[in-house]
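Chemist: What follows is a structure written as structure tokens; I'll ask about it next.
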Amino acid sequence: MIQPGSGFNQRLHALEPQAQQAFMAALCERLVPNYALYSQASGQGDTKALSSVLALVWESLQVRDARIDFDLQADKLAACQPPAEDDSFGARRAMEAVAALTALLDTLRGGSQEAVIEVSRTSRSGVQAFIAMTEGEDDTEALAVKVREHPLMADENGFQDALLESVEAPLDRDALKALRKLGRNEGFSNLGISLE
């Protein structure tokens with residue numbers, strides 16, 4: 001698994017809670033197309049529900065006194081999970097989107113110091129799994145090199161670096177809107193997948 005330098009994780013830990021949440025929300029935006037593709041292909045899941053929970057997260061970040069019941073949102077999100085018996089590649093990527101958003105909701109409900117690292121790793125590991133599947137490499141060392149040098153992993157690492165820099169700056173409403181747009185990545189997921 002490609003891991004960022006320890007300095008990256010230290011910087012994530014050092015962020016204010018709102019900045020950590022904005023970082024996670026932008027990563028979640030990039031995972032939504034993977035979920036949507038799985039849902040479209042399998043007839044399972046509810047992309048609209050997943051997206052509406054994420055929209056409420058952004059609202060809570062932008063509107064200081066927004067009154068949102070995150071316990072209720074967590075219940076809605078739990079209903080979006082792919083069926084447990086589906087172990088397909090698409091279901092695992094869809095589950096990553098649900099898991100990342102669940103970790104984000106946990107922080108909004110007052111918990112989990114490690115959530116920001118967890119969501120960062122979840123996004124990177126999805127890219128790694130995609131590269132492993134498409135490259136078909138059995139040799140672990142050769143695969144590690146391919147993952148490290150793959151354009152999708154370079155894009156993921158670059159995206160997370162840019163995102164971290166963005167959330168280290170003061171976050172006003174405009175900055176949060178820009179982050180959401182950045183996360184949406186013109187409709188492309190962290191795997192380079194788009195529904196268009």
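Chemist: Hey, residue 63 hits all of (1) within 19 Å of the chain's Cα centre (by Cα); (2) closer than 19 Å to residue 181 by Cβ but one; which does it fall short on?
Modeler: Every condition holds for residue 63 apart from (1).
Chemist: Please work out which residue is farthest from residue 9 (Cα to Cα), limiting yourself to region 169-186 and to residues that are free of Cβ contacts under 8 Å to residues at least 12 places away in the same chain and among the hydrophobic types (A, V, I, L, M, F, W, C).
Modeler: Initially, region 169-186 is screened for residues free of Cβ contacts under 8 Å to residues at least 12 places away in the same chain, giving 169-170, 172, 174-175, 181, 186.
From what is left, the residues that are among the hydrophobic types (A, V, I, L, M, F, W, C) are 169, 175.
On the way: 169: 17, 175: 22 Å.
Going through the qualifying residues, I end up with 175.
Chemist: Exactly one of (1) in contact with a Cys (Cβ under 8 Å, 6 or more places away or on another chain); (2) more than 25 Å from residue 128 (Cβ to Cβ) is unmet by residue 62. Its number?
Modeler: (1)
Chemist: Moving on. Please give the number of the condition residue 126 fails out of (1) closer than 23 Å to residue 9 by Cα; (2) surrounded by fewer than 17 Cβ atoms within 10 Å (Cβ to Cβ); (3) in contact (Cβ under 8 Å) with a residue 60 or more places away in the chain.
Modeler: That leaves (2) as the condition not met.
Chemist: Please state which one of 189, 166 is over 19 Å from residue 13 (Cα atoms) and modelled with pLDDT of 95 or more. Step through it out loud before you land on a result.
Modeler: On the way: 166 fails: over 19 Å from residue 13 (Cα atoms).
Of 189, 166, the one residue that is over 19 Å from residue 13 (Cα atoms) and modelled with pLDDT of 95 or more is 189.
Chemist: If you go through region 138-180, how many residues are surrounded by fewer than 16 Cβ atoms within 10 Å (Cβ to Cβ), outside any helix (DSSP H, G or I) and not small (Gly, Ala, Ser)?
Modeler: 4
Condition check ((1) farther than 23 Å from residue 20 by Cα; (2) of a type outside the set (Ser, Thr, Tyr)) across all residues:
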residue	(1), (2)
91	yes, yes
96	no, yes
116	no, yes
127	no, yes
140	yes, no
144	yes, yes
179	no, yes
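The values are calculated or read from the model by the stated rules, or taken from the named source; none is laboratory data. Just so we're clear, the structure is a prediction, and the values are computed from it rather than from any experiment. Quick reminder, even Gly has a Cβ in these numbers, built from the backbone with ideal geometry, and neighbours come from all protein chains shown.
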